[in-house]
1. Evaluate the following for Thr44: is it among the polar types (S, T, N, Q) and free of Cβ contacts under 8 Å to residues at least 12 places away in the same chain?
2. Tell me yes or no: at least one residue of region 62-84 is more than 25 Å from Glu107 (Cβ to Cβ) and touching a residue at least 12 places away in the same chain (Cβ under 8 Å).
3. Residues of region 96-122 being of a type in the set (S, T, N, Q), touching a helix residue (DSSP H, G or I) at 6+ places or on another chain (Cβ under 7 Å) and within 21 Å of Pro26 (Cα to Cα), which ones?
4. If we scan region 3-13, do we find a residue that is within 15 Å of Gln103 (Cα to Cα) and not in a helix (DSSP H, G or I)?
5. State the number of residues belonging to region 23-76 that are touching a helix residue (DSSP H, G or I) at 6+ places or on another chain (Cβ under 7 Å) and assigned to a helix (DSSP H, G or I).
6. Tell me yes or no: at least one residue of region 18-40 is more than 23 Å from Ala96 (Cα to Cα), loosely packed, with under 13 Cβ neighbours inside 10 Å and modelled with pLDDT of 90 or more.
7. From the set of residues in region 102-117 that are in a strand (DSSP E or B) and surrounded by fewer than 19 Cβ atoms within 10 Å (Cβ to Cβ), which is nearest to the chain's Cα centre (by Cα)?
8. Mind telling me which of the residues Thr92, Thr44, Thr73 ends up being of a type in the set (Val, Ile, Thr) and surrounded by 13 or more Cβ atoms within 10 Å (Cβ to Cβ)?
Amino acid sequence: MEGIGLAATVFDISGALYVRGSELDPKAVQKNDRRERRVSRTATLDGGIAVYDTGYAVADRSLVVRVKDANATVAAFLAYLVETYSEISITTSEAAFHGTPQQSYIEDDGTAVLEILITESA
């Protein structure tokens, strides 16, 4: 399993972190592979349906970074990204993205979580 790189888009000496694949929760990695199209379905009066499909957009994706047994430094960094930046760079084995860090928190089992709303492919 590959890792994930997180970085500020402006110079910040303490604004980057690489999380090794072995530190990531495999369940979150699988969820990050989801794709959806912009589609709506409406019932018609004749008993059929009308489908409105505007295609796929990378900006509809979200990424979840879940670091198992995170130390205080990692947890603080994820919170720092949410508190400080409206846009960050994310690198994965799939691609590089820009996104907005939406929230970070620590779960009861010590897993640090960062949720990112993807805005574009970089």
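The values are calculated or read from the model by the stated rules, or taken from the named source; none is laboratory data. Values in this document were obtained by computation on a predicted structure and should not be read as measured data. For neighbour counting, all protein chains shown are included, and Cβ atoms are generated from backbone atoms with ideal geometry for every residue, glycine included.
1. yes
2. Checked region 62-84: no residue is more than 25 Å from Glu107 (Cβ to Cβ) and touching a residue at least 12 places away in the same chain (Cβ under 8 Å).
3. Residues satisfying the conditions are Gln103, Ser104.
4. yes
5. Residues in region 23-76 being touching a helix residue (DSSP H, G or I) at 6+ places or on another chain (Cβ under 7 Å) and assigned to a helix (DSSP H, G or I): 0 in total.
6. yes
7. Leu117
8. Unique residue meeting the criteria: Thr92.
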